[in-house]
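Here's the structure, in structure tokens; my notes come after.
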Amino acid sequence: MTTNDFSSARRTPHPDLESTPAATVSAGPGPGPSPADLLRRLRARGAGDPVTHVERVPARAGVPAPWPSWAPVELRAAFARRGVVAPWQHQAEAANLAYEGEHVVVATGTASGKSLAYQLPALATLLADPRATVLYLAPTKALAADQLRAVAALELEGVRPACYDGDTPRTEREWIRRHSRFVLTNPDMLHHGILPGHAQWSGFLRRLAYVVIDECHTYRGVFGSHVAHVLRRLRRQCARFGATPVFVLASATSGDPATAAGRLTGLPVTAVTEDASPRGGVTFALWEPPLLPPDSGSPTPVPPQATGDHDDLHQVRRSALRETADLLADTVAEGVRTLAFVRSRKGAEVVAANARRSLDDAVPGLGDRVAAYRGGYLREERRELERALLHGDLLGLASTNALELGVDLVGLDAVLICGYPGTRASLWQQAGRAGRSGQEALAVLVARDDPLDTYLVHHPEAIFGAPVEATVLDPANPYVLAPQLACAAVEAPLTPADLALFGDGAKEAIDELVAAGALRQRPTGWYWRHRERPEVDLRGEGGAPVAVVESATGRLLGTVDGGSSHFLLHPGAVYLHQGVSYVVDDLDLADGCALVHTEEPDWSTHARDVTDLSVVSVRSYVDAGPVGMFLGEVDVTSQVVSYQRRRIATGEVIDTRPLDLPTRELRTVAVWFTLSPQSLAAAGVQAADVPGALHAAEHAAIGLLPLMATCDRWDIGGLSTAVHQDTEAPTVFVYDGHPGGAGFAERAYRTASAWLRATRDAIAECGCETGCPSCVQSPKCGNGNNPLSKPDAIRVLDVVLANLPE
Ligand SMILES: [Zn+2]
Ligand SMILES: [Zn+2]
């Protein structure tokens, strides 16, 4: 008997049990080619070999552990009824630590059963102590709802689990506060509802034994920094009522999860990272779509704004969407159950539609076995799709990221990943959907035409040899800290004892709130002075969100964060929402709303801005001869001044239209480097080429930063100039696109030589002549990618790297 057989014997799959180990919908046995055979057939399709690397990820046997002795018999029986016969070792280890009162984060792969790790100690405690309570936090309502079903299905006496979120009817809220002992909610509700109403929650908080933070890796950047303080406010209220709950966190595999969880909670956290669940082997191929002949205009199926793909003006490779659609059609034709991940909803629909079309061309009717999954489906519709895929009625599904699926859909025979999902952590999460116990599966990463994807398919060691990224957040960001302290002061006056809780910068932030008249200092502490609570949106970045309203019906389509609104919602902008195209009639910044009407023009729109940057202060720097590397605060002033209309099919520019929008200011954190003009001249960069050299280096550096930190290029801005008024030298700035910074620029500064080395290599190794989207062109350039000098960018980076200490 092999260990894999053993593992499957221990667990009976229950398709209806979500988000617990046995919940994972495991596809039934099916014939079909081996991954190696399948890959051979796929790569033999066209001219040339698109595969740049094949990695074999070996199968892993599961390591079961006995139930902890403290787990009550009725709880074990309840899990057994749901198909869980015994925990895996990592589940037992985390559960034991939590039960002993240690804060713990379990950071293991997709479908490794992280839920059991917190359900076990939490539910055992609820059964042992009829007064104890548990608070569970998920980043989305859908995930909380799935967890609710999983806990409710255990049918444990007296637990009374309930979701408490924005959708909970008022009439039920009081009952939940008084009677539920397992409340599932999200950080926004904790911030807006529970903490401000702490008096009503005192009974619950007083008895709080565990706080569970699921998918905690999603709390990153500015949002993560806000959540960190919401959790400190929760701890503060619990302490007032005499409770010191144990925190149990679940994370996708991530770099240094103990540190990230410690920053998030402000507590010492022990990490459990050794995944002991069984996994089938995976053949992982890196796939680079072929370069198209120079004169073949490649029609891109959807506008760039919809897909997150860059503009098609300079497109020289076959689009990753087309390539993925073909691969999906081919695997489905082979009878292989396949899930394709595409970054945008529209992109997922395009991939499914194209695959369906090719299949129907081959065998009429075969196209029906492919579907698209997008967010916004009802739970029943999602379940139906998942069921169809499980039973093989459906063979191919194109979907956006996994969180939206709402269940752990694993055990697929092939996973196609259209474009690098931004982090190694999410790459492994998506690839983790492939493979079931005892059977091999195929995963394919299809590179998009951009610097990071191109770099990765040519540097497999950056994927397979590197640890996954650390989750970056910065609770000391004054733009987060001050409003959070204001919220805390409303909940209860701040005292000197709170300074340590809120951490670095808390005293300064309080002093500023006092100076601004928001807080009043009294002998007993700092008091909130106003009648109204401060308005603080955890997810709001760069100003109040702008509502998108359909003029004809008054229907609210959605919101766009203030920072992006000038780019996406200027008058005349083509705005895509859930696959439907709208054109903006009016952007009313005073009212924070944009009026739109449905229209599907055959052009897309691309806003351009002008940016100015001044240095406020230097936090840290490295003096390296002709090169200087700096971290500091900057003021960025930008104005969206015009937009281009481009033909979707060809990328041809129709016209450029002026816009009249106000300038915007951003105080944030930047990393920048300077070079002496002499060192550039000595490296062979002509004075006239310096702007293009710096600009190209800046673009590529922004494109490669996600290699170092969990951000994407849309979180970051850049500016380069042959002489900057503050540095008086040729300078490249890269800054956090969020007020007060989000930790990305700081991370770039700390890893500068590795970051710029990868940037240099990405440019140098790109096969193009003069620069392309795979190296130095940027999809969000405010200057229309002009000027750019690829060879000189390499010289610039060589000078920096030659002087900068490792
Ligand atoms: Zn290139
Ligand atoms: Zn640019």
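The values are calculated or read from the model by the stated rules, or taken from the named source; none is laboratory data. Note that the coordinates shown come from a computational prediction; the quantities given were computed from them, not determined experimentally. Note that each Cβ is placed from the backbone with ideal geometry, even for glycine, and that neighbours are counted across all protein chains shown.
Find the strands (runs of 3 or more DSSP E) located wholly in region 651-725 whose residues include 1 or more that are among the hydrophobic types (A, V, I, L, M, F, W, C) and farther than 30 Å from residue 218 by Cβ, and list them.
Values: elements: 653-658, 664-675, 716-721.
The strands (runs of 3 or more DSSP E) meeting that bar are 653-658, 664-675.
Would you pick out the residues in region 40-57 that are of a type in the set (A, V, I, L, M) and within 29 Å of the chain's Cα centre (by Cα)?
Going residue by residue through region 40-57, those that are of a type in the set (A, V, I, L, M) are 42, 44, 47, 51, 54, 57.
Those that are of a type in the set (A, V, I, L, M) and within 29 Å of the chain's Cα centre (by Cα): 51, 54, 57.
Within 28 Å of the chain's Cα centre (by Cα), under 17 Å from residue 446 (Cβ atoms), at pLDDT below 90 and not in a helix (DSSP H, G or I), is that true of residue 314?
Working: within 28 Å of the chain's Cα centre (by Cα): yes; under 17 Å from residue 446 (Cβ atoms): no; at pLDDT below 90: yes; not in a helix (DSSP H, G or I): yes.
When the stated conditions are applied, residue 314 does not pass them.
If you scan region 232-269, which residues turn out to be part of a loop (DSSP other than H, G, I, E, B) and under 25 Å from residue 111 (Cβ atoms)?
Of region 232-269, the ones part of a loop (DSSP other than H, G, I, E, B) are 241-245, 252-254, 256, 266-269.
Result: 252, 253, 254, 256, 269.
If you scan region 165-209, which residues turn out to be under 26 Å from the mean Cα position of the chain (by Cα) and either without any contact (Cβ under 8 Å) to a residue 24 or more places away in the chain or part of a strand (DSSP E or B) (or both)?
183, 184, 185, 192
Can you tell me which of (1) at pLDDT below 95; (2) farther than 18 Å from residue 423 by Cβ is the one residue 250 doesn't meet?
(2)
In region 98-143, what count of residues is obtained for those that are under 23 Å from residue 195 (Cα atoms), of a type in the set (Gly, Ala, Ser) and under 30 Å from the mean Cα position of the chain (by Cα)?
3
If you take just the helices (runs of 4 or more DSSP H) that sit entirely in region 64-136, which of them hold at least 2 residues that are farther than 30 Å from residue 255 by Cα and not hydroxyl-bearing (Ser, Thr, Tyr)? Spell out how you get there, then give the answer.
Numbers: elements: 73-81, 89-99, 114-128.
Of the helices (runs of 4 or more DSSP H) lying wholly inside region 64-136, those with at least 2 residues that are farther than 30 Å from residue 255 by Cα and not hydroxyl-bearing (Ser, Thr, Tyr) span 73-81, 114-128.
May I ask you to list the residues in region 661-682 that are within 19 Å of residue 629 (Cα to Cα) and either touching a strand residue (DSSP E or B) at 6+ places or on another chain (Cβ under 9 Å) or surrounded by 22 or more Cβ atoms within 10 Å (Cβ to Cβ) (or both)?
To start, the set of residues in region 661-682 that are within 19 Å of residue 629 (Cα to Cα) comprises 668-680.
Scanning region 661-682 gives 668, 669, 670, 671, 672, 673, 674, 675, 676, 679, 680.
Do you know which residues across region 511-536 are more than 24 Å from residue 199 (Cβ to Cβ) and under 34 Å from the mean Cα position of the chain (by Cα)?
Once the filter is applied, which keeps residues that are more than 24 Å from residue 199 (Cβ to Cβ) and under 34 Å from the mean Cα position of the chain (by Cα), region 511-536 yields only 512.
Does residue 614 qualify as being in contact with a Gly (Cβ under 9 Å, 6 or more places away or on another chain), touching a residue at least 60 places away in the same chain (Cβ under 8 Å) and among the small types (Gly, Ala, Ser)? Full working, then the answer.
Numbers: in contact with a Gly (Cβ under 9 Å, 6 or more places away or on another chain): no; touching a residue at least 60 places away in the same chain (Cβ under 8 Å): yes; among the small types (Gly, Ala, Ser): yes.
Judged against the criteria, residue 614 is not a match.
Please identify the pairs in which a residue from region 706-723 that is of a type in the set (A, V, I, L, M) has its Cβ atom under 9 Å from the Cβ atom of a residue that is at pLDDT below 75 and within 16 Å of ligand 1 (Cβ to nearest atom), counting only partners at least 6 apart or on another chain.
none
Assess whether residue 800 counts as being more than 22 Å from residue 683 (Cα to Cα), modelled with pLDDT of 95 or more, out of contact with any Pro (no Cβ under 8 Å at 6 or more places or on another chain) and among the hydrophobic types (A, V, I, L, M, F, W, C). I'd like the intermediate steps shown before the answer.
Numbers: more than 22 Å from residue 683 (Cα to Cα): no; modelled with pLDDT of 95 or more: yes; out of contact with any Pro (no Cβ under 8 Å at 6 or more places or on another chain): yes; among the hydrophobic types (A, V, I, L, M, F, W, C): yes.
Judged against the criteria, residue 800 is not a match.
Which of the numbered conditions does residue 731 fail, given that it passes all the others? Conditions: (1) closer than 14 Å to residue 632 by Cβ; (2) in contact (Cβ under 8 Å) with a residue 60 or more places away in the chain.
In the conditions (1) closer than 14 Å to residue 632 by Cβ; (2) in contact (Cβ under 8 Å) with a residue 60 or more places away in the chain, residue 731 misses (2) alone.
Within the group 84, 63, which residue is under 12 Å from residue 116 (Cβ atoms), surrounded by 16 or more Cβ atoms within 10 Å (Cβ to Cβ) and modelled with pLDDT under 95? Don't jump to the end; show me each part of the working.
Working: 63 fails: under 12 Å from residue 116 (Cβ atoms).
Residue meeting the stated conditions: 84.
Tell me, yes or no, whether region 670-677 has at least one residue that is free of Cβ contacts under 8 Å to residues at least 40 places away in the same chain, of a type in the set (S, T, N, Q) and in contact with a Ser or Thr (Cβ under 7 Å, 6 or more places away or on another chain). Quick ask: steps written out before the conclusion?
Restricting attention to region 670-677, the residues satisfying the condition of being free of Cβ contacts under 8 Å to residues at least 40 places away in the same chain are none.
The answer is no; no qualifying residue exists.
Name the helices (runs of 4 or more DSSP H) wholly within region 734-805 that hold at least 2 residues that are within 16 Å of ligand 2 (Cβ to nearest atom) and over 21 Å from residue 636 (Cβ atoms)?
Details: elements: 744-750, 752-765, 790-803.
In region 734-805, the matching helices (runs of 4 or more DSSP H) lie at 752-765, 790-803.
Specify the residue that is surrounded by the most Cβ atoms within 10 Å (Cβ to Cβ); the eligible residues are those in region 777-806 that are closer than 22 Å to residue 676 by Cα, touching a residue at least 60 places away in the same chain (Cβ under 8 Å) and within 12 Å of ligand 1 (Cβ to nearest atom).
The selected residue is 793.
For every residue, the table says whether it meets (1) more than 16 Å from ligand 1 (Cβ to nearest atom); (2) more than 23 Å from the chain's Cα centre (by Cα); (3) under 30 Å from residue 423 (Cα atoms).
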site: 670; (1), (2), (3): yes, no, yes
site: 677; (1), (2), (3): yes, yes, no
site: 727; (1), (2), (3): yes, yes, no
site: 732; (1), (2), (3): yes, yes, yes
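Go through region 317-347 and give me each residue that's hydroxyl-bearing (Ser, Thr, Tyr), at pLDDT 90 or above and under 24 Å from the mean Cα position of the chain (by Cα). Talk me through it step by step, then tell me what you get.
Going through region 317-347, the residues hydroxyl-bearing (Ser, Thr, Tyr) turn out to be 319, 324, 331, 338, 344.
Checking the rest, the ones that are also at pLDDT 90 or above come to 324, 331, 338.
Of everything in region 317-347, those that are hydroxyl-bearing (Ser, Thr, Tyr), at pLDDT 90 or above and under 24 Å from the mean Cα position of the chain (by Cα) turn out to be 324, 338.
Within region 749-776, which residues are away from ligand 1 (no atom under 16 Å from the Cβ) and surrounded by fewer than 19 Cβ atoms within 10 Å (Cβ to Cβ)? Show your work before the answer.
Kept after step one, since they are away from ligand 1 (no atom under 16 Å from the Cβ), are these residues of region 749-776: 749-757.
Hits for region 749-776 are 750, 751, 753, 754, 757.
Hey, could you check region 581-604 for residues that are over 23 Å from residue 662 (Cβ atoms) and small (Gly, Ala, Ser) and say which is modelled with the highest pLDDT?
Looking at the filtered set, the residue picked out is 604.
If I ask for residues that are out of contact with any Cys (no Cβ under 9 Å at 6 or more places or on another chain), assigned to a helix (DSSP H, G or I) and under 23 Å from residue 71 (Cα atoms), which ones from region 137-164 would you list? Full working, then the answer.
Filtering region 137-164 down to residues out of contact with any Cys (no Cβ under 9 Å at 6 or more places or on another chain) leaves 138, 140, 142-143, 146, 149-164.
Restricting the remaining residues to those that are assigned to a helix (DSSP H, G or I) gives 142-143, 146, 149-152.
Within region 137-164, 149, 150, 151, 152 meet the criteria.
What number goes with the only condition from (1) buried (at least 19 other Cβ atoms within 10 Å of the Cβ); (2) more than 13 Å from ligand 2 (Cβ to nearest atom) that residue 688 does not pass?
The number of the failed condition is (1).
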